Every structure is written in C-alpha cells, then in structure tokens.
Amino acid sequence: MSKISFFKELWGFLVTRKKWWLLPIIIILLLLGLLIVFTESSAIAPFIYTLF
C-alpha cells in the first residue's frame with residue numbers, strides 16, 4: 001500500500017462519513033511530527049526543546 005493511496009483512502013473516509021472535525025487533528029499531528037523530525041539533528045534543537 002503506497003502513501004498516496006493511504007491519503008486517498010483517508011480523504012475518502014472523511015468525505016463519505018462527514019468527519020470534518022478530524023481534519024484539524026490530523027494536520028496538527030502531522031505538523032508536530034514534522035517538527036520533531038526536522039529538529040532532531042539540527043542546531044536549533046536545544047531552543048525547540050526549551051519551548052516544550
């Protein structure tokens with residue numbers, strides 16, 4: 001199963017079941033995941049960790 005088909009299926013689920021309240025939760029989780037990945041090995045990591 002490719003990543004694109006996963007997102008297509010997720011989008012189809014949200015549209016079919018009208019679960020629009022899940023969209024902000026998914027977006028925030030993705031942004032937090034990207035923040036963790038990008039700051040894991042960078043020079044700004046100590047500054048990010050002090051915020052949380």
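Table for the structure above
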| quantity | calculated |
| --- | --- |
| Cα Rg over Rh - the chain, Kirkwood | 1.16 |
| Cα long-axis angle, helix 22-39 against the chain (0 to 90 degrees, to the nearest 10) | 30 |
| Helix 3-17 axis, angle to the chain major axis (alpha carbon atoms, nearest 10°) | 60 |
| The chain - accessible surface per residue (Å², probe 1.4 Å) | 93 |
| Protein accessible area in the chain, 1.4 Å probe - carbon and sulfur % | 77 |
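The values are calculated or read from the model by the stated rules, or taken from the named source; none is laboratory data. Here the structure is a predicted model, which means the values were calculated and not measured. For the accessible areas, the whole protein counts, side chains as well, though only heavy atoms, and no ligand, DNA or RNA atoms are used. Shrake-Rupley method; radii C 1.70, N 1.55, O 1.52, S 1.80 Å.
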